Structures are given as C-alpha cells and as structure tokens.
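Everything on this sheet refers to the single structure shown next.
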C-alpha cells in the first residue's frame, strides 16, 4: 500500500473544539485548550504518524469578523493556513444552534478548492436522534466530501476520521521526521502553556486581554530557565493576575512549570512578571510579537 501524506486545515468557529481534536489525533498536547473563545491565536502544525501515512494537521484560530489588530492577525493566520492544503476539515459544535457564525464559516469554506470534511463535534453531549437532522441540514446547504460525527473529548469517531483523512490524501513521502509532533518551538510552547494556565485561573474579564512573551529561554541538559512576561491592558487585570500576596501568580507559575516539566522531560525554573500595556490588542507592533514565526526571524 502506497504511503500517503498531506496537509489538513482544521477550521471552525471559536470553541468548536479544533485544538482538542488536533491534540487527540496527534496523541499528545501540541495546542493549548481552554473553555474561552479565541484561545488559539496562531496556526500550529500537529503531526499524526502511522505506517500508512503522515497527516499534518493545521490548527487555526476561530473564524470571526475581525475588529482588533489581534483579530486581524488571527484572520491572516487562517488565510495562510488555507494555502496549498490537500484537505479541509470544518469543525462544528453539534450542540449549538445554527446561526450567522456558521453561515460565515460555510461561506469561507466555499472559497477553498480541495476536498472538505464536515466534522460534527461534541456528539457525546447530544442525543443520537438529533444527529440525522443536523447532517441533513448541512447536506442541503453545501456538498461536503464526508460528514463525520465525532467527539474530540471521548475519541468517538476519531478512528474513522483518521482512516478517511488518509483515504483522501495524495501519495507522497513524509514531510516531518517520525519523532516530531509539531512545528512550533519549545519557546512558543512555554508561552502558550503559561497563557493557558493564566486563562484557566482568572475571571471572565481577563483572558482575552492576556498575552505572554518569553523574554529569555535558556536550555541546559537538566534544567530549562524561562523568564516570561504576562501582558494585560488594565491595572485591575494586573491585580487579579497577581492576587492577594502574589498567590494567584504563584499558582499560575506552579501549574505552568509542572506541565512544562512533563512536556519537556526536564526540570524547569520559571519566573513570571506582569505588566500593563494599554490596548495592546489594537497595537500591531505588539501583536506582531505574538507570532512565533516572526519571533524566530528576529532571534536568528
């Protein structure tokens, strides 16, 4: 049997479960996950290896109408992810009512010339008899190559999805070595893990205003030293992040350090700072720094 390989863009509305799906298919965490919309800000490659082929999944930010410099950059990330792909997977939250956001997603999908799958996610949360009407509704508005009900959380339907992805991908050699599961550098992963823990630990008003930049990343054989700054937009948000007596920031740091040690397989020394940068989401010069590809260019 010929070896298959190719690039698969994973797109959808915010909170559809795209990053959870990518992590589940890869078999380890390559993208952060929180219940908050707009958690994913950069496109990330998650690489699925098997004897039959290599599936390069491209996790993308949620599809939305951009209003800020940050959201415009996220939209650009999606556009770049859709260039030269072999397959597109539109992930839909099967528990949510069809609305204007879904219509916008379908219109975006129509512009892409490649086979397209519709993935009805979160089927573990709905009654089975509700699936068929949902499949019929989407079938009437667009002709997908495949419609596959899945649960990224429980793994239901993922074996069939892997099989179908390989079936549609072209023959070709692998793009990445067998031990690589992502194209993102560890420096970027560290910033993302810190942001994930901060988003999970703080109230609703803080998460969207959070940005994390790694100031220094020093690798040793047994120890990785990471110095990072968490940026927020207001003094009140800074106070929430630091917490009484610095307890919140300490908790965020501990959770991030423990996960990074597990992911990196080494001890981690982590030092966090919090700074206020008013309206950073609308300042392109700051937003550009969140793109790890640009960071690598600047560091090289």
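The values are calculated or read from the model by the stated rules, or taken from the named source; none is laboratory data. Since the model is a prediction, treat every value here as computed from it, not as a measurement. So basically every Cβ, Gly included, is an ideal-geometry build from the backbone, and we count neighbours across all protein chains shown.
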So which residues in the range 7-24 are surrounded by fewer than 22 Cβ atoms within 10 Å (Cβ to Cβ) and on the phi < 0 side of the Ramachandran plot?
7, 13, 14, 20, 23, 24
Any residue that is closer than 21 Å to residue 87 by Cα and without any contact (Cβ under 8 Å) to a residue 40 or more places away in the chain - is there at least one of those in the range 182-189?
no
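Is it the case, given these coordinates, that residue 172 is surrounded by 13 or more Cβ atoms within 10 Å (Cβ to Cβ) and either in contact (Cβ under 8 Å) with a residue 60 or more places away in the chain or outside the structural domain of residue 84 (by TED's automatic domain parsing) (or both)?
Details: surrounded by 13 or more Cβ atoms within 10 Å (Cβ to Cβ): yes; either in contact (Cβ under 8 Å) with a residue 60 or more places away in the chain or outside the structural domain of residue 84 (by TED's automatic domain parsing) (or both): yes.
Spelling it out, residue 172 is indeed surrounded by 13 or more Cβ atoms within 10 Å (Cβ to Cβ) and either in contact (Cβ under 8 Å) with a residue 60 or more places away in the chain or outside the structural domain of residue 84 (by TED's automatic domain parsing) (or both).
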Just to be sure I understand, how many residues within the range 101-130 are in contact with a helix residue (DSSP H, G or I) (Cβ under 8 Å, 6 or more places away or on another chain), part of a helix (DSSP H, G or I) and at pLDDT 90 or above?
1
Scan the range 192-244 for residues that are farther than 28 Å from residue 264 by Cα and modelled with pLDDT of 95 or more and report the count.
0
Among the residues of the range 198-219, how many are out of contact with any strand residue (DSSP E or B) (no Cβ under 9 Å at 6 or more places or on another chain) and either more than 20 Å from residue 247 (Cβ to Cβ) or crowded, with 24+ Cβ neighbours inside 10 Å (or both)?
1
Note: among 255, 241, just one is touching a strand residue (DSSP E or B) at 6+ places or on another chain (Cβ under 8 Å), touching a residue at least 12 places away in the same chain (Cβ under 8 Å) and outside the structural domain of residue 30 (by TED's automatic domain parsing), namely 241
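Residue by residue through the range 262-273, note down the ones that are modelled with pLDDT of 95 or more and surrounded by 15 or more Cβ atoms within 10 Å (Cβ to Cβ). Quick ask: steps written out before the conclusion?
Step one: filter the range 262-273 for residues modelled with pLDDT of 95 or more, giving 267-273.
Within the range 262-273, 268, 270, 272 meet the criteria.
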Subset tally (residues that are surrounded by 14 or more Cβ atoms within 10 Å (Cβ to Cβ) and assigned to a loop (DSSP other than H, G, I, E, B)) for the range 67-94:
5
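Mind checking which residues of the range 251-260 are loosely packed, with under 15 Cβ neighbours inside 10 Å and either in a loop (DSSP other than H, G, I, E, B) or out of contact with any helix residue (DSSP H, G or I) (no Cβ under 7 Å at 6 or more places or on another chain) (or both)?
Taking the range 251-260 and keeping what is loosely packed, with under 15 Cβ neighbours inside 10 Å, we get 251, 254, 258.
Answer for the range 251-260, where residues must be loosely packed, with under 15 Cβ neighbours inside 10 Å and either in a loop (DSSP other than H, G, I, E, B) or out of contact with any helix residue (DSSP H, G or I) (no Cβ under 7 Å at 6 or more places or on another chain) (or both): 254, 258.
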Residue identified as under 19 Å from residue 233 (Cα atoms) and in contact (Cβ under 8 Å) with a residue 12 or more places away in the chain among 75, 60, 68:
68
